[in-house]
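As structure tokens, the structure follows; a few thoughts come after it.
The values are calculated or read from the model by the stated rules, or taken from the named source; none is laboratory data. As the structure is a prediction and not an experimental result, all values here were calculated from the model. Ideal geometry is used to build each Cβ from the backbone, glycine not excepted, and the neighbour counts take in all protein chains shown.
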Amino acid sequence: MIDIQTEPQPSDLGDVRVTNRAVVLRHVRRHAPCSRADIAAHTGLNKATVSSLVTELIDRRLLRETGLTENRVGRPATMLVLDGEPYAALGMEIGADELVVVAVDLGGNRLLTWRRAFAAPSAAPAETIRALATLARRAISRITGQGRTVLGLTVGVPGLVDTAGAVPSAAALGWRDVPVAAELRAALRDPDFAVAVDTDANLAVLAEQRHGAYVGTADLVHLTGGVTVGAGVLAGGRLLRGARGFAGEIGHVQVDPDGPACGCGRRGCLAALTGLPAVVRQLLPDTEADGPVTDWLPEIERVQTLARQEDPGVLAGLAEIGRHLGHGVSILANVLNPQVVTVGGHLAVLAPWLLPAARAELAARTLAPEAGGCHLDASRLGATATALGGATVALATVESGRLPVR
């Protein structure tokens, strides 16, 4: 696992060159096109160091020159942008009713986005890992067939994930003690790139910070919307993981002691009140008459249609779910004081009807005035945020100054 950090600074300690590569790469990503002189002026690195680093990064196809620009004071300068064309990073997600894989290049440009229908909650862990491996192999074949090197693969899981990439518990999937990273690595025959596993929420918040509407926000929380609700937390620009990597389980915080049963065995958890199955059961009580739901998209589209038609029962139900959501967010606001909390999945899809009540509840339950400055908003990244965040992990490794091996 890797943390996304704030802008690195030039250092005289440790591996200075690695640190300074990171300075250059992150500056170019955020300010391209820019010149060598621009990099030196804004980072504090001397011009000779910048020149040496840029030469190395061009040689490794991580930067490229785009020609001269004359729209500046003084002599024309050769401008630089990220290259990374020979490389790609992969991210995957185990969703409520699908598996997702995304591939991006160093600049964050999507090379592929594939979604495969798959009912993971009703499948055995081994079956799910086989399906993941099959989808991953197809994506790897497509990427390597384009002459690119895969930098890494990270999978997002809706549950607890330890530092070894195993899943001690995923109530939404019915999993206990599943060594996902090890089994997926074996299924892929020990590839020469990193295979990692993280929580879906952690990966989604990394995608939010790099690609979403709040790029660069240092204190940011993303709430997933799916079979459960998890929180990915960035505090001071770093992922908040906790002592064993289990931070962020806001979905299993009790917000209503008299509420419905949760998959974790407790009652009234946030996930049991605002998770995807809970929302559909409350608003569309006839849904499971013909058996368990394996495709949630049509049900959420039904809810949207009824809400647009101003169905009074659906609008009242959405307002109640919104209040529960605001209650959960207020806990985060009181404990963490984030700048922004974004919601994804079905919570983002239903945001027009959920967020007014959620924001009112957030303001009412937060001790600090105006919710401590916390802004609650819907994510704009769509259903593939977690997979996009998984790909971001490998990109961040390169941006930390570690050169990829081709």
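When ALA166, ALA186 are checked against the criterion of being within 22 Å of the chain's Cα centre (by Cα) and either small (Gly, Ala, Ser) or in the same structural domain as PHE246 (by TED's automatic domain parsing) (or both), ALA166 stands alone in meeting it. In this structure, ASN46 does not qualify as outside the structural domain of LEU151 (by TED's automatic domain parsing) and touching a residue at least 40 places away in the same chain (Cβ under 8 Å). Exactly one residue out of ALA182, ALA186 is more than 30 Å from GLY326 (Cα to Cα), in a helix (DSSP H, G or I) and without any contact (Cβ under 8 Å) to a residue 12 or more places away in the chain: that is ALA186. Residues that are under 16 Å from ALA119 (Cβ atoms) and of a type in the set (A, V, I, L, M) within region 172-183 comprise ALA172, LEU173, listed in sequence order. Against the conditions (1) without any contact (Cβ under 8 Å) to a residue 40 or more places away in the chain; (2) assigned to a loop (DSSP other than H, G, I, E, B); (3) surrounded by 14 or more Cβ atoms within 10 Å (Cβ to Cβ), ARG281 satisfies every one except (2). Inspection of region 119-129 identifies at least one residue that is modelled with pLDDT of 95 or more, among the hydroxyl-bearing types (Ser, Thr, Tyr) and crowded, with 19+ Cβ neighbours inside 10 Å.
Residues are listed down the side, and each one gets a yes or a no for (1) farther than 18 Å from ARG238 by Cβ; (2) crowded, with 17+ Cβ neighbours inside 10 Å; (3) at pLDDT 95 or above; (4) assigned by TED's automatic domain parsing to the domain that holds ASP105:
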position	(1), (2), (3), (4)
GLN5	no, yes, no, no
HIS31	yes, no, no, no
SER35	yes, yes, no, no
ILE39	yes, yes, yes, no
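Scan region 88-141 for residues that are of a type in the set (D, E, K, R) and in a helix (DSSP H, G or I) and the total you get is 4.
Would you be able to say whether some residue in region 305-316 is modelled with pLDDT under 95 and of a type in the set (Asp, Glu)? No, region 305-316 contains no residue that is modelled with pLDDT under 95 and of a type in the set (Asp, Glu).
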